[in-house]
Amino acid sequence: MSASVRPILMVLLILYSARSFAQLTITSPVPRIVYQRNQSDEATIVITGLAPPTATTIEARFIPMAIEQGEVTPWTPLSFFPSSKAFRGSVLVKKGQYRLDVRAKTGSTLVAETHVNRVGVGEVFVLAGQSNVYGGLQRVPSSEEDRVSCVDFRQETINEYLLPFRFSNVSYGSNIGPSQPPHLWSILGDRLVRRLNVPVMFLGAALGGTSSDEWKQSAAGNLGNTPNSSVYRRLGIALLHYVSRTGARAVLWHQGENDLMTSTQTYFDNIQYVINKSRQQTGFNQLAWMVSRTSFVAGQTSPTVIAAQNQLIAQVHDVFAGPATDSIVGPENRPDGTHMLGEGLYRFINTWEQCLNSTFFNTALPFTPVDSSAFITSGYTLPLIRRPGETIQVASLRADAHEADNQYIAQLVRADNNQVVYESAPGTANPLMVTLPASLPDGQYRMRTNSTHPVTLGTLGEPFQVQQSATPTATQPSIQLTTSGGTTDPAIQRFAYRYEPKSHGFFVMVRSDVPVETRVESMDGGTFGNSGWNLALPSSQGPDYAEFADFNYLNNYPPSAFGVGGVEPGRYRLAVRRQGDSGSGFWYDVSLIEGRNILYYAMEPIPTVPPILTLYGIPVTPPCVSGSFSVSVIVTDGEMNNGNSFTVQLSDATGSFNAGTTIGTGNTSPILATLPSGLPLGTNYRIRVIGSNPAVVSMPGAPLLICPDVADLSLSMQLDNRVPVVGQVVSLTLSLTNTGPQAAAGVRLQSLLPPAITFVDSPNTAVSVLNSAVTIEAGTVSAGETIPYIFRLKATQSGTFATAAQIIGSQTFDPDSQPNSGTGDGQDDASLVDLRTANATGPLVTSPNPNQTPLPVVLSNQPPTDPTKADLSLGMSTSNLTVSANGLVSLTITIFNRGGLVASNTAIQILLPTGWQVTDTTNLTINGQTITASIAEIAADNSVSIVLPVQVSGTGTITAQILSVAEADPDSTPGNGYENGEDDEARISIRTNG
């Protein structure tokens, strides 16, 4: 942290990116965030940050923090924004908890590297309802598992610009933000983590004492001035600011105790409206809800409420049965007659665990967003009805990567078509203060916040109404944002305060490896006088408040009496340094708010990650991989222990390792791997290496086409006499060769004899004939074996006969040919031999080829046609290349137009050798030995030929060129001579023999 003062866009500052030798920062993801996995146990994580000025490439990868808690991803390139070193990119990550590694390079030189610890892919739940799910009723244990996360923040009336983009492990003192106190979620989270082996995160949006009508009315936008009358906004904030980034599995709903007098239909309608609103806000119509069956309060239950809850489960899609808790009664379960405490709390937890079973996880479709605008999220513009000309607060939760000169702009858009109707002046404040245009028409609008460098669009906030007739609303004050300065100390991990505005009770809380001193100074002229450095006491010497969880040093700044003196509401500078230092430490200027508020949260260290195994050297030579080959493995980020053994494992044909096959083992790299026989042909086999000590697994290699049972078959044919007389018997030897590497099974050959060729006999029992089709049942052919098959035949008439044969069947894959594909495709499993009778006066007759696989179309190597030009070229041919002296030849000159335009008024110039002459000069212009011919028009993609009778006096060469044309030619210049090598030139040489 630099010594300069800078604003913080939330109540806290968290140092997530590791210090590195150049400026490389990550703004998202952050430690302990959990992304909702999809039904394939994956999540797409979008990474944003700011690279050093010299960086040319950015790459990221995810490394599992523990064995069997994820899969290593490859280094993946991330993209820079235009005209910025801010970057963004996504990586597909399997379920687990990870260390994110990001590195910056200039060319191939590493210039910076940083990490983000504890990034999770698992399960995210949103909590909603009333007091039994809200909590704060009794102290519960801290989470024992490191993979249970929450947002440690709580406000009764939430200021959205104070929301943190920071996540914590659930302790007995951490809030379940954005709006709940500690509760049972540490215990339930531990159980889910152990059962599912994935990280779990809870977002709190419940509130005690709320009714279904209050939830429905506030969801409809009828927000009152009390927490209860605006209760749905808590859920909306969780969805708009957090779930839009992380996704979620479901909303866990537990409410009904305040609806004893509510009818079944009313309760059903109220909660269905709330469910639909949550789905509208996420844009995901299948957002799952788990609805508890609960109504017990003060010894009473409501069958109508239970019926409504069962109706929601039965009739509203993607609503699942939650706990049924009206049976959890008695003083040992509900000491106050309403709330489940003591034994009842653990029975309550048990019911949640039983409902969150495998059937639920297999059926409830998770919400897994990948929204690039969710790095700047907007929520509610309050109140939801405003007059034109009023000044409103536009708050946002910002995690975008941006340059130092970046600013933010608030946009006002129409809710019906997202048309931007107004933009604010740029600024860096949060919230941005925006004055609505005085002439703004009545209607529904939404706000969003965008960044300027780079340009990043934020999400659209909740719609609000503009009405000229609305009751005027005064400009709402905002809390001044926190600023910070000084130099952080690596021994100090957390810095926070606990404040009670009514009593003036105030504690500074520190988590540190060394004793610390703290200082509190009034910044706005208050009466607070204890502004010196004070040694913090171990937390064991202070009161046992739940808020002190996660801190080991405290300083109490008490008032002289309740609400008198001490730390009065206002703005203060809070500073901390290690004991004995003489500097100013590091400090925060903060406007105090109620409760536990964390200012500084250094990224927590993690144990050494397991070694990373990286494969290389796997053969990828087309068309397929077979037999034995070496697999090499590199070990990085650690070492394998003594006694380690590597196992090379092959997936199934779909790429799954659920039933992987061991194909090699070894203690050192490279490892010899051998593909087993009998594997089905597949194109998505993958290979990975597993270490035994420690038990680590490499990232799978690239998909492979594996053809483990391979036999390369080929045919050749030979006649003992290629020029027999008609009726003479000849022997044909057909040789079948298998060059391996495996034996070929079920091999069949066939030759369809040409007409007038007759089969005589064969000494091989494998050879048979039916209707001139000679078939050979070769069966199994060993690797390296050549088998000759002989049969005799004869010609029954004069002629030339081309006899063909091919392999028509094999149960073993051939890497370079396909059985029964025809005899005309040039593959080595077909062969041809020709036989001519002695007089050879008959026609050429070939073997029938009825099943020839269509051959690919021959593609032109010429450039594409230019539709705006006439592309002319010249060709020349002659009836004879050798004639007697003064003999006549017929000379053909062809002009091709391969362009897209018609060629008009084309002139062709022909230069004859001395003494040669044209014997018919019709339509020609003769000037000595130069002849000119004119062509009025040559159509596009067409040609025109000129035929000239020429008397040849001696050996010589005729040359020709296109002399002129009205249209442009893209690759030649008309009339520039005969020796330039252009395609509008031609020449031909003729010899005389006398």
Odd one out for Leu382 among (1) within 29 Å of Gly209 (Cα to Cα); (2) at pLDDT 95 or above: (2)
Condition first: within 28 Å of Leu24 (Cα to Cα) and among the polar types (S, T, N, Q). Can you find one or more residues in segment 453-460 that meet it? yes
Does segment 98-114 contain any residue that is small (Gly, Ala, Ser), under 27 Å from Gln39 (Cα atoms) and modelled with pLDDT of 95 or more? no
Residue in segment 41-52 that is outside the structural domain of Arg688 (by TED's automatic domain parsing), buried (at least 20 other Cβ atoms within 10 Å of the Cβ), over 23 Å from Val455 (Cβ atoms) and at pLDDT 95 or above present: yes
Is it true that some residue in segment 670-685 is closer than 23 Å to Thr608 by Cβ, in contact with a strand residue (DSSP E or B) (Cβ under 9 Å, 6 or more places away or on another chain) and in a loop (DSSP other than H, G, I, E, B)? no
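Residue by residue, here is whether (1) buried (at least 17 other Cβ atoms within 10 Å of the Cβ); (2) modelled with pLDDT under 90; (3) farther than 17 Å from Ile706 by Cα holds:
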{"position": "Pro605", "(1), (2), (3)": "no, yes, yes"}
{"position": "Pro619", "(1), (2), (3)": "no, yes, no"}
{"position": "Ser626", "(1), (2), (3)": "yes, yes, no"}
{"position": "Ser632", "(1), (2), (3)": "no, no, yes"}
{"position": "Asp637", "(1), (2), (3)": "no, yes, yes"}
{"position": "Val648", "(1), (2), (3)": "yes, no, no"}
{"position": "Ala653", "(1), (2), (3)": "no, yes, no"}
{"position": "Ser656", "(1), (2), (3)": "no, yes, no"}
{"position": "Gly660", "(1), (2), (3)": "yes, no, no"}
Out of (1) more than 25 Å from Phe153 (Cα to Cα); (2) touching a Lys or Arg at 6+ places or on another chain (Cβ under 9 Å); (3) in contact (Cβ under 8 Å) with a residue 60 or more places away in the chain, what's the single condition that is false for Gly526? (3)
Whichever residue in segment 897-917 is in contact with a Pro (Cβ under 9 Å, 6 or more places away or on another chain) and within 21 Å of Tyr978 (Cα to Cα) and, among such residues, is surrounded by the most Cβ atoms within 10 Å (Cβ to Cβ): Thr906
For segment 576-588, indicate whether the set of residues that are under 35 Å from the mean Cα position of the chain (by Cα) and part of a loop (DSSP other than H, G, I, E, B) is non-empty. no
Against the definition (in the same structural domain as Ala778 (by TED's automatic domain parsing) and among the polar types (S, T, N, Q)), how does Asn839 come out, yes or no? yes
From Asp720, Asp709, Asp761, grab the single residue that is over 20 Å from Gly822 (Cβ atoms), surrounded by 20 or more Cβ atoms within 10 Å (Cβ to Cβ) and among the acidic types (Asp, Glu). Asp709
Sort through Asp941, Asp971 and tell me the only one that's surrounded by fewer than 14 Cβ atoms within 10 Å (Cβ to Cβ), modelled with pLDDT under 90 and over 18 Å from Leu912 (Cβ atoms). Asp941
Subset of segment 318-332 [crowded, with 20+ Cβ neighbours inside 10 Å and farther than 27 Å from Ala250 by Cα]: none
Going through segment 529-544 in order, the residues found to be surrounded by fewer than 16 Cβ atoms within 10 Å (Cβ to Cβ) and touching a residue at least 40 places away in the same chain (Cβ under 8 Å) are Leu535
Would you mind listing the strands (runs of 3 or more DSSP E) fully within segment 853-927 where at least 1 residues are of a type in the set (Gly, Ala, Ser), in contact with an Asp or Glu (Cβ under 9 Å, 6 or more places away or on another chain) and touching a residue at least 24 places away in the same chain (Cβ under 8 Å)? 872-878, 903-911
The correct count of residues that are outside any strand (DSSP E or B) and either surrounded by 23 or more Cβ atoms within 10 Å (Cβ to Cβ) or free of Cβ contacts under 8 Å to residues at least 24 places away in the same chain (or both) in segment 375-399 is 4
Checked Asp920, Asp871 against criteria (under 18 Å from Val947 (Cα atoms) and either surrounded by fewer than 12 Cβ atoms within 10 Å (Cβ to Cβ) or under 60 Å from the mean Cα position of the chain (by Cα) (or both)); the one match is Asp920
State all residues of segment 775-829 that are hydrophobic (A, V, I, L, M, F, W, C), over 25 Å from Thr765 (Cβ atoms) and either out of contact with any Cys (no Cβ under 9 Å at 6 or more places or on another chain) or modelled with pLDDT of 95 or more (or both); if no residue qualifies, say none. Ala795, Phe801, Ala802
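The values are calculated or read from the model by the stated rules, or taken from the named source; none is laboratory data. Since we're looking at a predicted model, the values are computed, not measured. Neighbour counts are summed over all protein chains in view; Cβ atoms, including those assigned to glycine, are modelled from backbone coordinates with ideal geometry.
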